[in-house]
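The structure under discussion appears below in the form of structure tokens.
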Amino acid sequence: MADNPVETLLQLAAGHYLPRCLHAVANLGVADALDNTPQPVSALAQATGSDPAALDRALRILSANGVFEFRGGCVVHTPESLMLRSDHPQSMRSLVRMFGLPAFWASVGQLEYSIRSGQPCADKVLPGGIWGYLAAHPDDSRIFDEAMTSKAHGQIQGVITAYDFSIFSTIVDVGGGRGHLLQSVLSEAQQASGILFDQSHVIEQAAGMASDRLRLQPGDFFNDVLPAGDAYLLMEVIHDWDDTASKTILTSVRRAAHEHSKVLLIEAILPDDPGPNWPRTLDIAMLAIGGRQRTLPDYSQLFSQCGLAMTRAIDTGAGVSIVEASPIQADQPPNGAVARL
Ligand SMILES: C[S@@+](CC[C@H](N)C(=O)[O-])C[C@H]1O[C@@H](n2cnc3c(N)ncnc32)[C@H](O)[C@@H]1O
């Protein structure tokens, strides 16, 4: 927030130019063109096929926000710009590019429609909604799946440290993308085997993950029977959907589960804190596609309508919580006390 209301509103009203510069610089591969040696903008412009003066202006505003730094007339990396490199172990380049995909950006332009109607504006501009669009556009789908992998990198270590997966024999990752979470979980839970369940075009991209411990199962979680398992992982899946669709998915999980199975949602929980935070921003991205971020009481209520009871929520310290639920047994009261760890 700026010091005065006029500046605050100016920055907010025109704030979208800043992420557009970030998207462009990620698309152009500027961070890849810069190694440990400081470079003049002209060299970066030549390496990326961009206009030197215009690139200079884009890098100036990015550096004012911590992405790249100007030092002695040259550009150097900051920790943030380093993560835009394709070869960074926790590269966020694809994630940044995903938010800037022309089709996604077109839906951001229609956000007022969502705010007026409560309906997903993405459905107005993307034929078949976001998932139908991605299924029909392999290049964008590749960026999306890479983005999910890179987004999850930062979260997975927290998840596998926070939860003991070794108690399970069969772990099903529902909507698991390219299997990045399941693979890490299986490396911790050496006795377990896993089933990666996702749409067929996503599973095709995950072919290299298959092993004698990791089975790939293409399918549609709205229409197909889910595999039997002791644990069901759903990482940032339920937040994509409204309550009605979420109940369909969770009811299907409940149907496939046995009485001692655990359902583990991995989600960024909407905090009580009124200040700016990532879950609140993500909630607007979800509004655009028809989903929502939720509070813990929201999840507890959702579970209770699907034959599940929330048992605990574990903050992984990596921006996401593991929200655990168990099937409600016939003799169990519908809403037990929930431990928050
Ligand atoms: C936001 S991504 C999350 C991916 C992964 N769990 C992660 O956190 O990195 C949502 C996933 O749900 C999958 N998905 C969407 N609709 C689906 C459907 N009808 N059936 C199965 N998977 C679906 C997408 O393909 C995508 O991989």
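Just order 46-56, 21-31 by mean Cβ neighbour count inside 10 Å, highest at the front, would you? Intermediate results must be reported in sequence, preceding the final value.
Numbers: 46-56: 14.5, 21-31: 21.2.
Final packing ranking: 21-31, 46-56.
Quick one: of the DSSP bridges fully inside the chain, what percent are antiparallel, nearest 5?
45 percent
Assign unit charges at the C-beta atoms only (+1 for Lys and Arg, -1 for Asp and Glu), then state the dipole size of segment 5-88 relative to its Cα centre in Debye, rounded to the nearest 20.
Using only the charged Cβ atoms, the result is roughly 140 debye.
For segment 154-340, what does the alpha-carbon gyration tensor say about shape, rounded, prolate or oblate, given a ≥ b ≥ c as the root eigenvalues, a/c under 1.5 as rounded, and a/b over b/c as prolate? Let's see the in-between values first.
Values: a/c = 1.37, a/b = 1.20, b/c = 1.14.
Rounded, because the longest to shortest axis ratio a/c is under 1.5.
Output ³J(HN,Hα) for segment 95-109: one whole-Hz value per residue in order, computed from phi by the Karplus curve 6.51 cos²θ - 1.76 cosθ + 1.60 with θ = phi - 60°, and x for Gly and Pro.
3J(HN,Hα) across segment 95-109, in whole Hz: 5, 4, 5, 4, 4, x, 3, x, 5, 5, 5, 4, 6, 4, x.
Of all DSSP beta bridges located in segment 154-340, what percent are antiparallel, nearest 5?
In segment 154-340, DSSP labels about 40 percent of beta bridges as antiparallel.
Normalised by the empirical 2.2 N^0.38 Å for globular proteins, what value does the Cα Rg of segment 5-88 take?
1.10
If I take every Cα pair under 8 Å that is 6 or more residues apart in the chain, average their sequence separation and divide by the length, what percent do I get for the relative contact order?
Working: 565 pairs, mean separation 40.1, N = 341.
It rounds to 12 percent for the chain.
What would the Debye equation give as log₁₀ I(q)/I(0) for the chain at q = 0.09, 0.10, 0.15 Å⁻¹, counting only Cα atoms as equal point scatterers?
Each listed q corresponds, in turn, to -0.54, -0.66, -1.34.
Divide by every residue of the chain the summed helix terms, -39500 (n - 2.57) for each DSSP H run of at least 4, and state the resulting mean residue ellipticity at 222 nm, rounded to the nearest 500 deg cm²/dmol.
-13000 deg cm²/dmol
Which ³J(HN,Hα) values, rounded to whole Hz and listed in residue order, are derived for segment 166-175 from phi using the Karplus coefficients 6.51, -1.76 and 1.60 in 6.51 cos²θ - 1.76 cosθ + 1.60 with θ = phi - 60°, glycine and proline given as x?
Per residue, the Karplus-derived 3J(HN,Hα) values read 5, 7, 9, 9, 10, 10, 9, 9, 8, x Hz.
Bear in mind that the values in this text are calculations on the coordinates, not laboratory data. For clarity, every value in this text was computed on a predicted model and none was experimentally measured. Every residue, glycine among them, receives a Cβ derived from its backbone with ideal geometry; neighbour counts consider all protein chains shown.
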